[in-house]
1. Quick one: compute the contact order of the stretch 70-168, relative version, from alpha carbon pairs under 8 angstrom and 6+ residues apart, as a percent.
2. Work out, step by step, the length gained on full extension between LYS231 and SER140: first 0.36 nm times the residue separation, then minus their alpha carbon distance; give nm to one decimal.
3. Starting from 0 in steps of 10 Å, tell me what percent of the Cα-Cα pairs of the stretch 89-185 lands in each bin.
4. In the chain, with Lys and Arg counted as +1 and Asp and Glu as -1 at Cβ, which of these residues, THR164, GLN192, PHE229, has the Cα nearest the positive end of the dipole, that is, farthest along it?
5. Taking the chain, how many lysine pairs are there with alpha carbons less than 23 Å apart, if each pair must be eight or more places apart or span two chains?
6. Using a simple spin-label model with points 7 Å from Cα along the Cα→Cβ vector, what separation in nm is obtained for SER242 and LEU92?
7. With θ set to phi - 60° and the Karplus curve 6.51 cos²θ - 1.76 cosθ + 1.60, what are the ³J(HN,Hα) couplings of the stretch 156-161 in order, to the nearest whole Hz, using x for Gly and Pro?
8. Quick one: if you stick a label point 7 Å off each Cα along the C-beta vector at ARG12 and LYS70, how many nm between them?
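Read-outs: derived from the displayed coordinates by stated rules, not from any lab. Because the structure is a prediction, the values reported are computed rather than measured. In this analysis, Cβ positions are derived from the backbone assuming ideal geometry, glycine residues included, and neighbour counts consider all displayed protein chains.
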Amino acid sequence: ASSSGQAHSFRRKPVIIIVVGMAGSGKTTFLHRLVCHTQASRICGYVLNLDPAVMTLPYGANIDIRDTVKYKEVMKQFNLGPNGGILTSLNLFATKFDEVIQVIENRADQLDYVLVDTPGQIEIFTWSASGAIITEAFASTFPTVVAYVVDTPRASRPVTFMSTMLYACSILYKTRLPLVLAFNKTDVAQHQFALEWMEDFEAFQAAMRSDDSYMSTFAQSLSLVLDEFYKNLRSVGVSAVSGAGMDAFFKAIEASAEEYMETY
Ligand code: GDP
Ligand code: MG
């Protein structure tokens, strides 16, 4: 949130975790895993679903956009396609978001985390006015962290890795909130390659050169920009399916929340 310059007296809790990522990266499954983890660890998590189009959720949401906004009726009423329907539903919900903040504030003493699931198509949340309004409403009230879920097997080519990271970079600069990269699906592909590429610029350049994409030269220049970006984030490998990496994830969230408290 671009809340710089404003004087806030933040509560320490709950920490808001906004889960974003490309469609199919595993946001919903990951959220389910986080819910299980919090329950097993006696941490109190509260779940907010912001995807109006999801049919069934594996977890029980405490607040669900679908209770307030009927996505299919919105599509009909405004004569919209699927993406327009999701965006308009989110807009309608955003107008009442102060009520959501109020509900969370009323329970703040009992809550450790609020886990926020976002619509399948990432840009509907990250690049919409309502997404910005919702993010800002959280960030001006509670410590707020963005968790960017990466489909690790799909990011294993240098060029796809780079576009994934550029998107993460754009989210960091748009939200100005601490960002945690959750390399998901490590049960299918380990994320070591990603850590290596982020730590060692030469290694990434070498991988890029061996990839015969026509974008290579351009991509090599862009990777210089990314090297700077990597210094501003935390990354962990997770598997929403196996449950690997949950402790590391919450450690990264705690460190990010600390950073938030110091910065905002
Ligand atoms: P969303 O669109 O980002 O909410 O993604 P979903 O949670 O709906 O997951 C998309 C697909 O990825 C589903 O088929 C999941 O079963 C699968 N998936 C999610 N997380 C993992 C994981 O950690 N490992 C594996 N192997 N598959 C996963
Ligand atoms: Mg989902």
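1. Rounded, it is 23 percent for the stretch 70-168.
2. Working it through step by step, the gained length comes to 30.3 nm.
3. All Cα pairs, binned at 10 Å, distribute as 14, 44, 31, 11, 1 percent.
4. Selected residue: THR164.
5. Final tally of qualifying lysine pairs is 15.
6. 4.3
7. Using θ = phi - 60°, the values come out as 7, 8, x, 6, 6, 4 Hz.
8. Modelled inter-label distance: 4.6 nm.
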